[in-house]
Structures are given as structure tokens and as C-alpha cells.
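Please read the structure below before turning to the comments.
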Amino acid sequence: MIVDVHTHAMRYPEHLSDAFVREADRARGYPVDLTVEFEDYLRAMEPVERCILFGMKARHTGFYVPNDWIAAFAARAPEKIIPFLSLDPTEPDFLDDFERSRTDLNLRGVKLAPMYANFDPTDPALDELYGRAARHGLPVLFHTGTTFCQFAPLRYTRPALWDDVAIRHPDLVMVLAHLGHPFENEALVTARKHPNVFLDLSALYYRPWQLYNSLVLAQEYHVTGKILFGSDYPFTTPGDSIAGLRALNRMVEGTNLPRVADATLDEILHRPSLRLLGLE
Ligand SMILES: [Zn+2]
């Protein structure tokens with residue numbers, strides 16, 4: 001079974017500001033339509049059996065998807081989609097949002113995006129949230145790594161910050177998204193230390209040299225078991241991500257450079273991610 005642990009849904013202009021979309025277009029070099037239609041989403045998810053879906057809440061960068069909307073979207077394919085809530089901890093009522101989304105909407109995990117929402121993930125003001133998430137068995141997936149957004153601070157996204165969070169909350173199950181790209185080495189050593197810290201490799205196959213090096217390093221640290229498959233749909237698709245992962249070693253064909261073992265790639269693709277995240 002392949003699980004995609006990292007997919008988004010949202011609509012423009014309801015959930016995205018013009019400024020955010022302009023920056024996304026600039027980063028790509030061409031206009032991107034970020035509105036996710038349900039039928040397109042399901043078609044894109046055909047290569048995977050289950051998918052974790054979230055919006056994002058980050059007023060600072062003009063990205064705000066209500067949890068009710070995500071719950072309604074996911075309810076159209078409950079056998080396939082596992083919906084997460086998202087929070088913007090700069091909002092005074094974020095803990096109420098957490099409780100209502102967890103209980104009334106039955107959302108199963110949490111998505112946080114510190115750099116986009118402009119907060120420090122190690123801020124003690126978040127300890128209550130982390131404690132409740134751990135107590136109720138909700139994994140927390142964090143955006144880590146870079147972005148195209150000009151005003152999203154890089155200092156809130158270095159994966160080593162999560163060492164502090166994991167030391168304070170060893171029972172909290174966390175996923176550091178995008179292997180903390182391009183700070184993958186920090187993400188790998190953080191996951192290596194902490195049994196409940198996982199990584200996803202979403203949106204990385206199109207930077208193949210960096211991903212190849214990261215997976216070789218992960219093999220050397222014996223930490224590939226912490227890496228989960230994800231796509232970052234609609235920014236990429238599971239189909240392209242799987243193909244890109246399978247093609248990684250082609251770059252080093254005809255050389256004596258190390259390979260990412262086929263077994264490693266298979267294990268990442270077929271990782272029992274839902275069980276590891278306590279979602280089964
Ligand atoms: Zn994402």
C-alpha cells in the first residue's frame with residue numbers, strides 16, 4: 001500500500017491572497033492554478049491507496065483554508081482521505097480551533113506552517129497544543145525548509161529547531177515535511193535522535209541531485225526507516241513523485257558513486273505510514 005502523507009486542497013481566491021499567488025507564479029516562472037477540484041484530486045490520487053489531506057492557515061502570507069472546508073472535502077471520499085486540521089497559532093483562539101476541529105469535525109492530525117504563519121515552533125506558548133496533540137494521538141506535520149514567499153522567515157524553518165520540541169515532547173508524533181529542504185542534513189539527524197520524529201520527501205524529486213545525496217546520507221545514518229512518502233499535491237502529483245523517486249539512480253549510472261538501494265526506495269514507497277503515525 002502506498003500512502004501519500006502530504007496533500008493540499010484549497011481554492012483561489014477564497015483561500016489564497018493575490019500576493020501569495022503572484023509569488024507562486026514568480027517562483028515557477030509561469031502562472032499556476034492552485035484551485036483543487038475534488039475530481040482532479042481523486043484522479044491524481046489514483047496511484048496511492050490512502051492520502052493525508054490538509055489546508056493551511058497562515059495569515060502572515062495570505063494562505064487560509066478553513067478546517068470545515070477540508071472536512072467537507074474529505075467527507076466525499078472517507079475511505080481514501082485522512083483529513084488533518086490546520087492552525088495559525090498567531091490567532092488568539094487557536095486552541096479552541098484545535099478542540100473543535102478534533103472533536104466536532106473529527107480531523108485526525110495537525111498541519112502547522114511556522115515560517116508561513118510567522119511563529120517560532122519552539123515557542124513555549126505552543127507547549128499546550130503539543131501536549132494535547134500527543135495526549136489525543138494527533139500527529140503534527142510541520143512545513144520545514146524553504147519557500148518562495150519573501151516575508152516567511154527562514155529562521156522558523158530550520159529542522160534542528162524541532163530537536164528542542166522533541167526533547168520537550170518526546171511522545172508527540174511529528175513529521176518534518178520536505179526533509180527540511182535544503183537543510184536535509186539537519187532533518188536527518190533530528191529524526192535519527194527522536195523515535196517519534198518522521199520526515200516526508202514531498203516536493204523533492206524535481207531537485208534530484210539534492211534528494212539523491214540526502215537519501216545516500218540517510219542510508220549511511222541508518223535513518224531511511226523514518227522517511228515517509230508524500231507528494232505535496234497540487235504542487236506535484238503522486239504519480240510524478242513515484243516516477244521521480246524510481247529514476248534517481250539514473251543520474252549516477254556508469255559511475256562508481258553509491259546507489260540509493262532499490263530496497264530503500266521500495267520501503268519508502270510502501271512504508272506503513274498510517275501505522276507509524278498512529279492513524280490506523
Ligand atoms: Zn505542502
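The values are calculated or read from the model by the stated rules, or taken from the named source; none is laboratory data. What you are looking at is a predicted structure, and each value in this text was computed from that prediction instead of being measured. Note that each Cβ is placed from the backbone with ideal geometry, even for glycine, and that neighbours are counted across all protein chains shown. Surface accessibility is based on the protein's heavy atoms, side chains included, excluding ligands, DNA and RNA. Shrake-Rupley method; radii C 1.70, N 1.55, O 1.52, S 1.80 Å.
Note on segment 3-276: Lys pairs 8 or more places apart or on different chains, Cα atoms under 20 Å apart, count 4. Relative to one another, the C-alpha centroids of segment 176-223 and segment 50-74 are positioned 25 Å apart. Sorting His222, His194 by solvent-accessible area of protein heavy atoms yields His222, His194, largest first, with a 1.4 Å probe.
In this simple spin-label model, placing a label point 7 Å from the Cα along the Cα-to-Cβ direction at both Thr122 and Asp171 gives a separation of 2.4 nm. Kindly identify the chain as rounded, prolate or oblate by the Cα gyration tensor criterion: order the square roots of the eigenvalues as a ≥ b ≥ c, call it rounded if a/c is under 1.5, otherwise compare a/b with b/c, prolate if a/b is larger, else oblate. Note, shape of the chain comes out rounded. Stretching Tyr206 away from Gln150 to a fully extended chain increases their span by 18.0 nm, per 0.36 nm per residue minus the current alpha-carbon distance. Compute the label zone of Leu257 within segment 208-244: residues whose backbone N is under 16 Å from the point 7 Å along Cα-to-Cβ. Under cut-off, by backbone N: 208-220.
Helix content alone sets the calculated 222 nm mean residue ellipticity of the chain: runs of n ≥ 4 DSSP H residues at -39500 (n - 2.57) each, divided across all residues, give -10000 deg cm²/dmol.
With every protein chain kept in place and ligands, DNA and RNA left out, what is the accessible area per residue of the chain? Probe 1.4 Å, answer in Å².
On the way: 11730 Å² over 280 residues.
I get 42 Å² per residue for this part.
Across the protein chains, with a 1.4 Å probe defining accessible surface, the residues Asp4, Asp171, Asp266 rank Asp171, Asp266, Asp4 from largest area downward.
Taking only protein heavy atoms and a 1.4 Å probe, the accessible area of segment 3-276 is 51% carbon and sulfur.
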